[in-house]
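To start, the structure itself, in structure tokens.
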Ligand code: FAD
Ligand code: MG
Ligand code: MG
Ligand code: MG
Ligand code: MG
């Protein structure tokens, strides 16, 4: 009946509409999606409810498989192999979807409208700006690099966030070797050009350092034998360890491996500024400052909110936050029809303690409804407190242990609360959130027709769905030399060549289409057989 409704609607909107059918078929709800990254793509792939009219607005008409971006920087994988055109995804859907290559510049929640600016080079001024109405707005615009206002970073550093960035880095790396090979230079100048600095010891910085080291070891030694010994790779990390978010064993292994590889890892080293020639740092312990000449810097220290999100947060009284706060159903706090997911949002998790105790109370209320005698009993006792109820019901001995258990239980809950962390800004989270939200939209009408909902879920609207739950499937840290560290659920850590193969197979299987899968795998094979392509 879904496809029938779809056809009928198409009829009704035709110029000679006004048949009986048009009154039967309700107008499609307009769903506007901002962003074609991990969260947006995953939402789109999983949405299969044809009763929505979907409009996508994104400055990028393709999806990027970001985990392979570092592989592009030194030519292990080609840029086009990890990009999937969004129209390839749209065309496979039975949902009414349109796409506009533009960025959203303002959200007006009162009038349910967004304002956009086309990002395509256009000669015809005036057509570049437009507004879009929505019934539902899904914000999945990701985040941007964070410079922490360090002077000179924007002007002098490379970033690794988009395909263009990776291509620029690749070109720059190869050009550096060509430049350093010119006959007119002194060794001092060559050393400066071949000093690669990476700021930030997170997964991206570490992986780029490893890629660069592999490139030097596998290809540069053969292709640029005269300058190979002048190469230096420095990794600056402000905290005490690289790969903080990984298991200690992985951090230690990575630091040791980089040490053996000759990558200079400087821990507790804060960058204070960068000019055209030098990068300045300050040691965290003794405050000692120093400046070093460099050839190229990759800045990879984390993310911050995009201007659109900053502005929107100010508008809705969420100013000074680092990401949009949503409830556990991914709805922006205070709005029933605006959702946010992925790197631009965080779930404002409720504390566990209060709701669990509340849930006991609610269960008790249910029991009272069904078994009035309990209610009567409770009224007599003038007590509706679960602890007291348990005490009344049990014997004296049991009373004490039960009381103790509940106290222990409370202590355990507050322990959980104190350890509560925000979900990480990863593709894994964005991907699961997109799929979750699509499932909610797939089932929305069904739930509206059946407002009672399953008894476990109270409330209105999306509250009839399970809240979003993240399932951590583990994480990888490629460390170079065909060695990868893998951290899988259940405290399982594996480091070495076998996890490199796991990495290859997981990343091949995670590709969004057979096209990109084939391209990525053939890039890997090509590199194994012929080495990297070093035409800059
Ligand atoms: P994005 O994927 O960044 O997508 C945002 C989208 O919004 C883009 O299409 C963008 O063009 C669009 N957009 C931007 N501004 C606007 C606007 N104003 N209006 C409309 N659209 C807009 N995660 C992992 O789990 N594993 C990894 O191995 C991993 N490796 C990574 C390696 C690198 C180099 C990088 C940069 C990230 C990596 N990540 C990894 C993190 C992961 O890529 C992000 O967490 C994920 O992309 C977040 O998804 P998102 O949809 O929120 O944002
Ligand atoms: Mg997105
Ligand atoms: Mg992406
Ligand atoms: Mg992003
Ligand atoms: Mg997030």
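The values are calculated or read from the model by the stated rules, or taken from the named source; none is laboratory data. Just so we're clear, the structure is a prediction, and the values are computed from it rather than from any experiment. Every residue, glycine among them, receives a Cβ derived from its backbone with ideal geometry; neighbour counts consider all protein chains shown.
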Would you point out which residue out of 173, 221 is within 19 Å of residue 531 (Cβ to Cβ), more than 16 Å from ligand 5 (Cβ to nearest atom) and either in a loop (DSSP other than H, G, I, E, B) or free of Cβ contacts under 8 Å to residues at least 40 places away in the same chain (or both)?
221
Output the residues belonging to the stretch 90-115 that are assigned to a loop (DSSP other than H, G, I, E, B) and either modelled with pLDDT of 95 or more or assigned by TED's automatic domain parsing to the domain that holds residue 214 (or both).
109, 110, 111, 112
In the stretch 190-202, which residues are surrounded by fewer than 23 Cβ atoms within 10 Å (Cβ to Cβ) and assigned to a helix (DSSP H, G or I)?
190, 191, 192
Out of the stretch 141-161, which residues are within 16 Å of ligand 2 (Cβ to nearest atom) and more than 19 Å from residue 204 (Cα to Cα)?
141
If we scan the stretch 65-88, do we find a residue that is surrounded by 18 or more Cβ atoms within 10 Å (Cβ to Cβ), within 16 Å of ligand 5 (Cβ to nearest atom), modelled with pLDDT of 95 or more and outside the structural domain of residue 167 (by TED's automatic domain parsing)?
yes
Residue hits (the stretch 140-172; away from ligand 4 (no atom under 16 Å from the Cβ) and either on the phi > 0 side of the Ramachandran plot or out of contact with any strand residue (DSSP E or B) (no Cβ under 7 Å at 6 or more places or on another chain) (or both)) are 148, 149, 152, 154, 155, 167, 170, 171
Just to be sure before I move on: is residue 87 assigned to a helix (DSSP H, G or I), under 30 Å from residue 533 (Cα atoms) and more than 15 Å from ligand 1 (Cβ to nearest atom) in the structure I sent?
no
Listed residues 298, 243, 308; which is crowded, with 18+ Cβ neighbours inside 10 Å and part of a loop (DSSP other than H, G, I, E, B)?
243
Any residue at all in the stretch 324-342 that's closer than 17 Å to residue 105 by Cα, touching a helix residue (DSSP H, G or I) at 6+ places or on another chain (Cβ under 7 Å) and not in a strand (DSSP E or B)?
no
It is to be established whether one or more residues within the stretch 188-211 are touching a residue at least 12 places away in the same chain (Cβ under 8 Å) and more than 17 Å from residue 297 (Cα to Cα).
no
Quick one: residue 448 ticks every box in (1) in the same structural domain as residue 244 (by TED's automatic domain parsing); (2) at pLDDT below 90 except a single one, so which number is it?
(1)
Within the stretch 41-84, which residues are part of a loop (DSSP other than H, G, I, E, B), more than 14 Å from ligand 1 (Cβ to nearest atom) and within 30 Å of residue 196 (Cα to Cα)?
75, 78
Residue 86 being without any contact (Cβ under 8 Å) to a residue 60 or more places away in the chain, closer than 23 Å to residue 509 by Cβ and within 13 Å of ligand 2 (Cβ to nearest atom)
yes
